[in-house]
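Scroll down for the structure; my scribbles are underneath it.
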Amino acid sequence: MYYIENETEEKIDMKEVRAVLKKLTSFYNEKRDFSVTFVTDEEIQNLNREYREIDAPTDILTFRLDDAPSFPISFDDQELEMPEEEEMGDIFISLDTMRRNAMEFGVKEEEELNRLLLHGLLHLRGLDHKTNDFATEEMLKEQEEVLTKLSLKS
């Protein structure tokens, strides 16, 4: 299940956001909870400064909640499987930066928003990238392939 909140005064089609998230979670058979919060550049810059020590806005920040070990634990010679976390974490998306990126990349805002929703979900699922090179980064290649497969590109 996903929880969506818009902390901005910007209008956003929540019905469409839910439909995209439903497609993405179905595609990955993802049943764990996560949240998506739409914020302003000011708010995402505050988060970026606090958690990444980067004093600038960004398009998306993802915070994973994976405190439990992902390996079996032994106790008195019995192997115990840790239950899978029910909650994956939180995604914050700056609508301001998303709109600027859409203009810069020459894509519709809806496509850029779809890209960010998928990008955040991939991070929550444990994928990462070191650069923004779509030709070499496996996560970014998967992202673009899935957007195409699910007809989420313009």
Worksheet item: In the chain, which whole DSSP H runs stretch at least 18 Å along their own axis (Cα) and average -1.0 or higher on the Kyte-Doolittle scale?
Response: 14-27, 109-124
Worksheet item: For the chain, rounded, prolate or oblate, judged on the Cα gyration tensor with a ≥ b ≥ c (square roots of eigenvalues), a/c < 1.5 rounded, else prolate if a/b > b/c?
Response: prolate
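At 222 nm, what value in deg cm²/dmol follows for the chain if DSSP H runs of at least 4 each add -39500 (n - 2.57) and the sum is divided by all its residues, to the nearest 500? Display every interim value, and only then the final one.
Values: 5 runs with 65 residues, N = 154.
Rounded to the nearest 500, the figure is -13500 deg cm²/dmol.
Within 10 Å, at most 10 other Cβ atoms, and a DSSP state outside H, G, I, E, B define an exposed site. Report the longest part of the chain free of exposed GluC sites (Glu not before Pro). Don't skip to the end; give the middle numbers.
Numbers: sites that count: E9, E53, E81, E84, E86.
Excluding the exposed sites themselves, the longest stretch runs over 87-154.
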Worksheet item: Roughly to the nearest percent, how much of the accessible area of the chain is carbon and sulfur, given a 1.4 Å probe?
Response: 47 percent
Response to the item:
For R64, the accessible surface traced by a 1.4 Å probe with all protein chains present amounts, in square angstrom to the nearest 10, to 110 Å²
Worksheet entry | Rounded to 5, the percent of DSSP beta bridges in the chain classed as antiparallel | 40 percent
Practice prompt. Return the subset of K15/K149; K108/K153; K23/K149 for which the Cα-Cα distance in this structure is over 18 Å, preserving the input order.
Written response: K15/K149
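The values are calculated or read from the model by the stated rules, or taken from the named source; none is laboratory data. Keep in mind it's a predicted model, so treat the numbers as computed, not measured. For neighbour counting, all protein chains shown are included, and Cβ atoms are generated from backbone atoms with ideal geometry for every residue, glycine included. Side chains included, ligands, DNA and RNA excluded: accessible areas come from the protein's heavy atoms. Shrake-Rupley method; radii C 1.70, N 1.55, O 1.52, S 1.80 Å.
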